[in-house]
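See below for the structure under consideration.
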Amino acid sequence: MEVGFIGLGLMGRPMALNLLKAGHKVHVWTRRQESMAPLLEAGAQGHASAAEVAAQVEVTISMVADAPDVEQVALGAGGVAEGARPGLVHVDMSTIAPAAAQAVAARMAEKGIAMLDAPVSGGEVGAIAATLTIMVGGEQAAFDKVKPLFEAMGKSVTRIGDSGAGQVAKACNQILTGVGVAAVAEALNFATRSGVDAARVREALLGGFAYSRVLENHGQRMLDRNFKPGFKAWMHQKDMRIVMEEAHRLGLALPAAAATAQMFNAMVGSGLGEDDSIGVLKLLERMSGGAGE
């Protein structure tokens, strides 16, 4: 398939590479030209704008930071809509608010372009290994067309419902993972401050009802003091902001999510925003009188 990929950062670059590995012809554009180099070396074709990419392909995919970037790539000057051929499907795999995804999709539909919101879970590791979980909102026909591309990037692909539904699922994912990371960090910090071997505590908990992938994977990384970002704290902060804004809009009580959002706010405010979100352990250590390094 002829596919365009826009946004070649921590996640986008390996995702686009996996499309190449699956045999698709990939056209790329990103604002930082140096980010295209690994894709061009792997056989992708570079372009000077998102519009130029759209003019060459059947499907465009964007993976950018936030809603204003999504809107600019899709509808701004030099954006996808400007160069789209008839029948183009545009897929945004960023994490933005459901309402924002619906608004951009509605404007794209006015221009005859079907749009899917397809945020992912799995971090940089999942992007590299093509094991992402992909949650999709949008029309069934567009989903069916794009599904082979999703399957080249992820191992779990689910159409949740209509436009915006993928972003709702991603918000739910971020509640669970965010609260889970904070809970594991609290438990390990509690064990350590109690004078007990946190590694042995984790080993015991993995055998009971407290087991989770967060405890297994991120818990070990906390013990190893491996805070190298697979998913940066400022990104999780942004996602939890989306969760809380949606909760406010809907009049929902999300007390655990709210407390977790404040922890990520504090991480960013204390200079830990570029760490992986599991660096919340360092924040808790500092709050408990430790060095938190």
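The values are calculated or read from the model by the stated rules, or taken from the named source; none is laboratory data. None of these values were measured; they are calculated from a predicted model. Every residue, glycine among them, receives a Cβ derived from its backbone with ideal geometry; neighbour counts consider all protein chains shown. The area values use the complete protein model at the heavy-atom level, side chains included, leaving out ligands, DNA and RNA. Shrake-Rupley method; radii C 1.70, N 1.55, O 1.52, S 1.80 Å.
Looking only at region 20-38, count every residue that is under 20 Å from Val73 (Cα atoms) and modelled with pLDDT of 95 or more and tell me the total.
4
Within region 53-81, which residues are assigned to a helix (DSSP H, G or I) and in contact with a Leu (Cβ under 9 Å, 6 or more places away or on another chain)?
Matches in region 53-81: Ala54, Val80, Ala81.
Just give me the residues in region 153-179 being open to solvent by 20 Å² or more (accessible area, probe 1.4 Å) and out of contact with any Pro (no Cβ under 9 Å at 6 or more places or on another chain), in sequence order.
Answer for region 153-179, where residues must be open to solvent by 20 Å² or more (accessible area, probe 1.4 Å) and out of contact with any Pro (no Cβ under 9 Å at 6 or more places or on another chain): Lys155, Ser156, Val157, Thr158, Arg159, Ile160, Asp162, Cys172, Ile175, Leu176, Thr177, Val179.
Of (1) open to solvent by less than 80 Å² (accessible area, probe 1.4 Å); (2) farther than 18 Å from Ser121 by Cα, Phe231 satisfies all except one. Which?
(2)
Kindly indicate whether Gly122 is open to solvent by 20 Å² or more (accessible area, probe 1.4 Å), in contact with a Ser or Thr (Cβ under 8 Å, 6 or more places away or on another chain) and not assigned by TED's automatic domain parsing to the domain that holds Thr260.
Answer is yes for this residue.
On the basis of being among the aromatic types (Phe, Trp, Tyr), part of a helix (DSSP H, G or I) and at pLDDT 95 or above, does Phe150 make the cut? Before you say what the answer is, go through the steps one by one.
Numbers: among the aromatic types (Phe, Trp, Tyr): yes; part of a helix (DSSP H, G or I): yes; at pLDDT 95 or above: yes.
Criteria met by Phe150.
Which of the residues spanning region 22-52 are in a helix (DSSP H, G or I), open to solvent by 60 Å² or more (accessible area, probe 1.4 Å) and under 29 Å from Glu274 (Cβ atoms)?
Answer for region 22-52, where residues must be in a helix (DSSP H, G or I), open to solvent by 60 Å² or more (accessible area, probe 1.4 Å) and under 29 Å from Glu274 (Cβ atoms): Gln33, Glu34, Leu40, Glu41.
Of everything in region 157-183, what is without any contact (Cβ under 8 Å) to a residue 40 or more places away in the chain and of a type outside the set (S, T, N, Q)? Give them in sequence order.
Within region 157-183, Val157, Arg159, Ile160, Gly161, Asp162, Cys172, Leu176, Gly180, Ala183 qualify.
Within region 264-280, is even one residue open to solvent by less than 20 Å² (accessible area, probe 1.4 Å) and free of Cβ contacts under 8 Å to residues at least 24 places away in the same chain?
Looking through region 264-280, none of the residues is open to solvent by less than 20 Å² (accessible area, probe 1.4 Å) and free of Cβ contacts under 8 Å to residues at least 24 places away in the same chain.
Can you report the number of residues in region 1-21 which are small (Gly, Ala, Ser) and in a loop (DSSP other than H, G, I, E, B)?
2
Quick check on my filter: what residues within region 96-118 are small (Gly, Ala, Ser), open to solvent by 10 Å² or more (accessible area, probe 1.4 Å) and in a loop (DSSP other than H, G, I, E, B)?
Ala97, Gly112
With respect to Ser194, determine if the residue is farther than 20 Å from Ser270 by Cα, open to solvent by 20 Å² or more (accessible area, probe 1.4 Å), in contact with a strand residue (DSSP E or B) (Cβ under 6 Å, 6 or more places away or on another chain) and among the hydroxyl-bearing types (Ser, Thr, Tyr).
No, not satisfied.
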